[in-house]
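Student: Dropping a structure here in structure tokens format, bear with me for questions.
The values are calculated or read from the model by the stated rules, or taken from the named source; none is laboratory data. None of these values were measured; they are calculated from a predicted model. Positions of Cβ are backbone-derived with ideal geometry, glycine not excepted, and every protein chain shown enters the neighbour counts. All accessible areas refer to the heavy atoms of the entire protein, side chains included, with ligands and DNA or RNA removed. Shrake-Rupley method; radii C 1.70, N 1.55, O 1.52, S 1.80 Å.
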Amino acid sequence: MTSQEENFMRKIEADEKIEPKDWMPEAYRKNLIRQMSQHAHSEVIGMQPEGNWITRAPSLRRKAVLLSKVQDEAGHGLYLYSATETLGISRAELIAALQSGEAKYASIFNYPTLTWGDVGAIGWLVDGAAIVNQVSLQRTSYGPYSRGMIRICKEESFHQRQGYEALLALAKGSPEQKQMAQDSLNRFYWPALMMFGPHDSESAHSAKSMEWKIKRETNDDLRQKFIDQTVPQIEVLGLEHPDKEIKWNEERGHYDAGEIDWDEFYSVINGNGHCNRQRVEHHIAAHDEGTWVRDAITAYNEKKNAKKAQ
Ligand code: 3HC
């Protein structure tokens with residue numbers, strides 16, 4: 001091990017943050033670019049399924065809350081793209097990787113939002129899962145990523161609460177509304193578990209990510225945390241749990257759960273979900289429509305810098 005590698009690992013073991021100007025193994029840098037950019041892509045693509053319901057929200061209050069949440073997601077994406085750029089890659093390269101299909105984003109966003117209940121389920125389950133994952137990532141070893149997570153986590157709890165509240169209103173409403181909430185829970189519960197990634201035994205990156213403290217807890221440990229916290233929440237809603245095998249295991253101190261459909265998981269992350277094509281096409285169209293904004297900012301900055309140089 002070179003002295004640079006020794007010094008790097010000493011900092012990791014001492015829980016010191018690695019900063020952009022510090023020496024780091026190329027594989028550490030590449031792993032971070034992969035995970036952080038895909039995290040950013042997830043935030044931005046995640047705006048689409050919920051955004052579809054802004055004009056159809058059932059009240060002005062729900063519309064205002066949803067608008068604010070979707071706007072937050074855009075901000076989360078920007079924090080994370082900016083943090084990724086500190087690793088020496090440009091925004092244009094990151095966007096190109098997303099639009100070409102080379103880069104991934106959270107598979108859950110390739111499922112359609114068919115009813116208003118789905119908007120509640122996304123807030124409650126998807127942001128709920130994201131919180132479990134992101135609270136852990138606040139302790140990631142890369143400084144800019146860790147600081148971005150601390151900031152993002154502050155906003156996520158509002159996201160989860162507003163979703164749960166929307167579902168509670170449905171679950172306590174008419175029989176048709178309760179059925180809508182149950183249908184959304186049934187369709188979003190298992191894809192929400194997939195947000196934590198494959199089993200640790202199947203995870204391509206976990207070993208190195210844990211060694212370098214990019215990840216502080218494993219996919220399965222975080223998933224278990226989410227499963228445990230969701231059982232009482234479903235009980236309060238008075239809905240049926242979608243996992244027929246869910247059962248408290250006193251010895252483990254956790255719930256035993258049924259198996260995720262991994263064929264579905266790999267099919268969706270490899271581009272064959274309901275909405276993969278639509279999500280990327282929408283992103284490309286919106287990005288192209290926004291070219292004039294980027295050009296205007298560039299022209300403004302060039303003019304401002306030319307004036308400064310006089
Ligand atoms: N969706 C899409 N791809 C997934 C996935 C999922 N749910 N889970 C795993 N994968 C991919 C991985 O990216 C990797 O593919 P790659 O090599 O092409 O990148 C492959 O499956 C193998 O998985 P690994 O477990 O080896 O990969 P990781 O070690 O990266 O673990 C992860 C996966 C747990 C998702 C990790 O990347 C992570 O913690 N990422 C940051 C958190 C994140 O992105 N969360 C989504 C947030 S969405 C959100 O918050 C929006 C909400 O606010 C609405």
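Student: Pop out the carbon and sulfur fraction of the accessible area of the chain as a percent, whole number, probe 1.4 Å.
Tutor: Values: 8600 of 15570 Å².
Using a 1.4 Å probe with all protein chains present, the chain comes out at 55 percent carbon and sulfur.
Student: What distance in nm separates the simple spin-label points at GLU281 and ARG34, each placed 7 Å from Cα in the Cβ direction?
Tutor: Going by the 7 Å Cα→Cβ label model, 3.0 nm.
Student: Here's a follow-up. What's the local net charge at ALA83, with K and R +1, D and E -1, over the other residues with C-beta under 11 Å away?
Tutor: On the way: positive: ARG147, ARG151; negative: GLU85.
Here the charged neighbours net out to +1.
Student: While we're on this one: Within the chain, which DSSP H helices have Cα atoms that stretch 18 Å or more along the helix axis and a mean Kyte-Doolittle hydropathy of at least 1.0? The partial results should precede the final answer.
Tutor: Values: long enough: 26-45 (28 Å, -0.86); 60-85 (38 Å, -0.27); 143-171 (42 Å, -0.42); 175-194 (30 Å, -0.89); 219-237 (27 Å, -0.57); 276-289 (20 Å, -1.70); 291-309 (27 Å, -1.15).
Counting only whole DSSP H runs, no helix qualifies.
Student: Continuing with this model, one more query. Grab the Cα-Cα distance for SER267 and GLU176, subtract it from 0.36 nm times how many residues apart they are, and report the gain in nm with one decimal. Please list the in-between numbers first.
Tutor: Details: separation 91, 0.36 × 91 = 32.76 nm, distance 3.23 nm.
Fully extending the segment from SER267 to GLU176 adds 29.5 nm.
Student: Would you mind pulling out the separation of the Cα centroids of the range 144-195 and the range 88-135, in Å?
Tutor: 14
Student: Kindly provide the GluC sites (Glu not before Pro) of the range 257-310 that DSSP labels as loop, not H, G, I, E or B, and whose Cβ sees at most 13 other Cβ atoms within 10 Å.
Tutor: Hits after loop and neighbour filter: GLU259.
Student: Just the accessible area per residue of the range 67-109, please: how many Å² with a 1.4 Å probe?
Tutor: On the way: 1750 Å² over 43 residues.
For the range 67-109, the solvent-accessible area averages 41 Å² per residue.
Student: Let me ask another. Any idea of the accessible area per residue across the range 165-270, 1.4 Å probe, to the nearest Å²? Show your work: numbers first, answer last.
Tutor: Details: 5430 Å² over 106 residues.
Using a 1.4 Å probe on heavy atoms only, each residue of the range 165-270 averages 51 Å².
Student: I would also like to ask the following. Mind checking the full-extension length gain between GLU235 and GLU165? Use 0.36 nm per residue of separation minus the Cα-Cα distance, one decimal, nm.
Tutor: Values: separation 70, 0.36 × 70 = 25.20 nm, distance 1.41 nm.
Gain on extension, GLU235 to GLU165, equals 23.8 nm.
Student: For the residue pair PHE158 and ALA96, what label-to-label distance in nm results when each label sits 7 Å from Cα along the Cα-to-beta-carbon direction?
Tutor: 3.6
Student: If you don't mind, another one. Report the extension gain between SER59 and ASP221 in nm, rounded to one decimal, defined as 0.36 nm multiplied by the number of residues separating them, less their alpha carbon distance.
Tutor: Residue separation times 0.36 nm, minus the Cα-Cα distance, leaves 54.5 nm.
Student: Under a crude label model (7 Å from the Cα following the beta-carbon direction), how far is VAL293 from ASN249 in nanometres?
Tutor: Distance between label points: 4.8 nm.
Student: I want to check a number: in the range 152-286, how many lysine pairs have alpha carbons closer than 25 Å, given a sequence separation of 8 or more or different chains?
Tutor: 11
Student: I need two numbers for the range 193-310: Rg to one decimal and Dmax as a whole number, Cα atoms only, in Å.
Tutor: Expressed in Å, the Cα Rg and Dmax of the range 193-310 come to 23.0, 74.
Student: What FRET efficiency, computed as 1/(1 + (r/R0)^6) with R0 = 25 Å and r the Cβ-Cβ distance, is obtained for ARG151 and ASP200, rounded to the nearest 0.05?
Tutor: Values: r = 28 Å, r/R0 = 1.13.
The pair ARG151/ASP200 has a calculated efficiency of 0.30.
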